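Novice: Here it is: the structure, laid out below.
The values are calculated or read from the model by the stated rules, or taken from the named source; none is laboratory data. All values derive from a computational prediction rather than experimental measurement. In this analysis, Cβ positions are derived from the backbone assuming ideal geometry, glycine residues included, and neighbour counts consider all displayed protein chains. The accessibility values were calculated without ligands, DNA or RNA, using every heavy atom of the protein model including side chains. Shrake-Rupley method; radii C 1.70, N 1.55, O 1.52, S 1.80 Å.
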Amino acid sequence: MKPIAGRSEPTPPVKADVHTHARPGEAIVRHVSLDLTTDFPSRTMNGSVTLTFDRTPEATQIVLDSKSLLIERVTSGGRPLAFTVGPDEGLIGSAVTIELPEKGDELTVVYTTAADAMALQFLATSQTAGKKAPFLFTQGEAILTRTWIPLQDSPGIRITYDAKIRVPVDLRAVMSAGHVGKDEGELLDGYRVFTFDMPERIPPYLIALAVGDLAFRKLGGRTGVYAEPSVADAAAHEFADTEKMVVAGEALYGPYRWGRYDILVLPPSFPFGGMENPRLTFASPTSIVGDRSMVSLIAHELAHSWSGNLVTNATWSDFWLNEGATEYAENRILEAIYGTDVADLNTTLAWQELSATMEDLQKTPERTALSHPLLVTDDPDDSVNAIAYTKGSSFFRMLEHTIGREKFDAFMVRYFDGHAFQSMTSERFVGLVKEQLFGGDTAMADAARIDEWVFGRGIPDNSVEPKSRLLAQVDTQLTELTTGQAPSTLETATWNAAQWIHFLKNMPEPRTPEQLVAMDTQWRLSQSKNRAIRFEWLRIAAKNRYDGAVASLEEHLSTQGRRRYVIPVYKDLVATDWGRAIAERVFAAARPTYHPLTARSIEQVLATKN
Ligand code: BES
Ligand code: ZN
């Protein structure tokens, strides 16, 4: 594949990224061409990556990121190039410094991944839904792509990519890219070979691969869902509104620029709710409930097709631009399809979580700024909190209310179009808001407190607090419960999942064993099919040492590995001796089933002393 036309000089990214070793001002990668084979027995991938790059005439080296990779050789035009792999600096891994020949803009790195590569999870047959075939998936965000591909792993260094992936003959490979050639791949040398092409420039964290026994169900003209055969029909039923969501997204933010929008349902250990890999959202199977109660997750990942994937945070200090704009757009898509009640409910629940996070961060108020400088030792994963998501989305909502919906929407359409396939910094975005949205009217921008929102701490008091009619109904019942009414007398029959979550989150503490039994009997919470509801209930159970929920707790923690539903429960459990025993027992048995990221987080929780 060719590099992008019309480029020969490296245009360095607009802002320095502390989480990369790359020196993009000297030589910058433009295209990544993968040729890899999966090796399930050794839990590794091996093969090569060919990188096409731009360089200054003076450049003598190109620097890549890598972590725990075994690099065998580097060549250019068939000739070996000298290279060094620097020391492993922890979070950001090792620099690979390659001596460049005088001429040439392409090199090939031959390498093997480590068995414990953080971006890769190889699942044994027993760890899948169908229990018939093994599975592999990658997770690149934030800085994990370097654990399976040596490249310049910075969100400001966009690349196009193509890939040839060899897998066992009975499996299928899918990527965040277009499929080239036959749907079922080609049989070659005892492997099944799949070919992919991503012609749009994307940040490296969006390169994604999954391999497994996958079935496909068509949803709409350009939408569909991949899943293990045993869950394919349920997935198609759950995500039936996907095409409508894409249409709603386009009506709000301009054309969907990625061709197809498919969803891949991952095995239960997938550590996230969803991941916005372009053309192919990765989704946790916990999103399949039967009643479409978790589809806000699809609205969210789809919204990243504009905020995040089209216009991308330039560095991990600007992460709120990805997630804040996406949470705002998620709510707009929900409103367009399901109406204001559903959207208000979603917004209000998030707002409550933001309030809780503000409390948690009282001792580190600097972390309540949307944009804050990160050190090389700061893990970008630690910024995944309600500040980036919900202080972020509240900033966008404030802008909407200040300027009016029509003008604000027009600004966002122009923003996505004008910066498509580019990176964005917090500083630059603030400048655009002041110039384009407020038309240079500084008094107005000051009144909206733009700088305070983005660079200051806390929530400025011109925030627009969301209200939800449906949650008010729940609050009435919470009052009944608080005043001693029996669970059986409460009016809960019409509640949706979000209302239940609100109810459980705000339940008065502490509860006696009798009260807990009465609630569990009445509402069968320990058996809830909705993991979000069951999660809230199990937190109450853990905090109140409710023996009746221990079986459910153990099952919940060992049958899925979504971090959001697992880590807080472990935290609640280790707070008491009663719970710590359960936590240690479950973790000892379930550890091999967790994704490396989840396992690492749980280990940190278990290491905390009471
Ligand atoms: N991009 C994120 C997931 C992510 C963030 C992975 C940072 C690694 C580092 C994704 O879009 C996301 O926000 N997922 C949420 C679901 C959503 C409905 C809020 C999740 O996984 O919980
Ligand atoms: Zn997101």
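Novice: Looking at Ser371, Ser394, can you tell me which residue is outside any helix (DSSP H, G or I) and small (Gly, Ala, Ser)?
Specialist: Details: Ser394 fails: outside any helix (DSSP H, G or I).
So the residue among Ser371, Ser394 that is outside any helix (DSSP H, G or I) and small (Gly, Ala, Ser) is Ser371.
Novice: Let me ask something else about it. Among the residues of the stretch 127-136, is there at least one that is crowded, with 24+ Cβ neighbours inside 10 Å and at pLDDT 95 or above?
Specialist: So in the stretch 127-136, the residues crowded, with 24+ Cβ neighbours inside 10 Å come out as 135.
Filter once more, so that each one left must be at pLDDT 95 or above: 135.
There is at least one residue in the stretch 127-136 that is crowded, with 24+ Cβ neighbours inside 10 Å and at pLDDT 95 or above.
Novice: Just name the residue that is farthest from the chain's Cα centre (by Cα) out of those in the stretch 298-308 that are over 13 Å from Gln422 (Cβ atoms) and either modelled with pLDDT under 95 or within 10 Å of ligand 2 (Cβ to nearest atom) (or both).
Specialist: Within the stretch 298-308, the subset over 13 Å from Gln422 (Cβ atoms) is 298-305.
Okay, now just the ones that are also either modelled with pLDDT under 95 or within 10 Å of ligand 2 (Cβ to nearest atom) (or both), so 300-301, 303-304.
Values: His300: 10, Glu301: 8, Ala303: 12, His304: 10 Å.
It comes out as Ala303.
Novice: Another question about this same structure. Grab the helices (runs of 4 or more DSSP H) fully contained in the stretch 429-530, keeping just those with 2 or more residues being under 28 Å from the mean Cα position of the chain (by Cα).
Specialist: Values: elements: 442-447, 450-455, 469-482, 497-505, 513-523.
Per the criteria, 450-455, 497-505.
Novice: Mind checking which pairs have a first residue in the stretch 405-431 that is within 25 Å of Val464 (Cβ to Cβ) and open to solvent by 20 Å² or more (accessible area, probe 1.4 Å) and a second that is at pLDDT 95 or above and not in a helix (DSSP H, G or I), Cβ under 7 Å, 6 or more apart or different chains?
Specialist: Once the first residue is within 25 Å of Val464 (Cβ to Cβ) and open to solvent by 20 Å² or more (accessible area, probe 1.4 Å) and sits in the stretch 405-431, its partners that are at pLDDT 95 or above and not in a helix (DSSP H, G or I) give Val413/Gly254.
Novice: Go over the candidates Val295, Val311, Val289, Val247 one by one and state the one that is of a type in the set (A, V, I, L, M, F, W, C) and either within 12 Å of ligand 2 (Cβ to nearest atom) or touching a strand residue (DSSP E or B) at 6+ places or on another chain (Cβ under 7 Å) (or both).
Specialist: On the way: Val295 fails: either within 12 Å of ligand 2 (Cβ to nearest atom) or touching a strand residue (DSSP E or B) at 6+ places or on another chain (Cβ under 7 Å) (or both); Val289 fails: either within 12 Å of ligand 2 (Cβ to nearest atom) or touching a strand residue (DSSP E or B) at 6+ places or on another chain (Cβ under 7 Å) (or both); Val247 fails: either within 12 Å of ligand 2 (Cβ to nearest atom) or touching a strand residue (DSSP E or B) at 6+ places or on another chain (Cβ under 7 Å) (or both).
So the residue among Val295, Val311, Val289, Val247 that is of a type in the set (A, V, I, L, M, F, W, C) and either within 12 Å of ligand 2 (Cβ to nearest atom) or touching a strand residue (DSSP E or B) at 6+ places or on another chain (Cβ under 7 Å) (or both) is Val311.
Novice: Let me ask you something else. Residue pairs, Cβ under 9 Å, 6 or more apart or interchain, first in the stretch 264-285 and within 22 Å of Val180 (Cβ to Cβ) and open to solvent by 10 Å² or more (accessible area, probe 1.4 Å), second in a helix (DSSP H, G or I) and within 16 Å of ligand 2 (Cβ to nearest atom). List them.
Specialist: none
Novice: Okay, moving on. Which condition breaks for Arg539 when tested against (1) closer than 29 Å to Asp382 by Cα; (2) open to solvent by less than 20 Å² (accessible area, probe 1.4 Å)?
Specialist: Condition (2) is where Arg539 drops out.
Novice: If you check every pair at least six apart or on different chains, which have Cβ atoms under 7 Å apart with a residue in the stretch 299-314 that is assigned to a loop (DSSP other than H, G, I, E, B) first and a residue that is of a type in the set (Val, Ile, Thr) and more than 11 Å from ligand 2 (Cβ to nearest atom) second?
Specialist: Matching pairs, first to second residue: Asn309/Ile202; Ala314/Val14; Ala314/Thr425.
Novice: Being crowded, with 23+ Cβ neighbours inside 10 Å and of a type in the set (Ser, Thr, Tyr) narrows it down to one residue among Tyr261, Tyr226, Tyr256; which is it?
Specialist: Values: Tyr226 fails: crowded, with 23+ Cβ neighbours inside 10 Å; Tyr256 fails: crowded, with 23+ Cβ neighbours inside 10 Å.
None of the others qualify; the one that does is Tyr261.
Novice: Another question, if that's okay. Only one of these is small (Gly, Ala, Ser), more than 13 Å from ligand 2 (Cβ to nearest atom) and touching a Leu at 6+ places or on another chain (Cβ under 7 Å): Ser317, Ser355. Name it. Spell out the reasoning first.
Specialist: Numbers: Ser355 fails: touching a Leu at 6+ places or on another chain (Cβ under 7 Å).
From the options Ser317, Ser355, the qualifying one is Ser317.
Novice: Go through the stretch 163-208 and count every residue that is assigned to a strand (DSSP E or B) and open to solvent by 20 Å² or more (accessible area, probe 1.4 Å). It would help to see each step written out before you state the result.
Specialist: So the first thing to find is which residues in the stretch 163-208 are assigned to a strand (DSSP E or B), and the list is 163-167, 172-175, 178-180, 186-188, 191-202.
Narrowing the set further to residues that are open to solvent by 20 Å² or more (accessible area, probe 1.4 Å) leaves 164, 166, 172, 179-180, 186-188, 191-192, 195, 197, 199-201.
Counting residues in the stretch 163-208 that are assigned to a strand (DSSP E or B) and open to solvent by 20 Å² or more (accessible area, probe 1.4 Å) gives 15.
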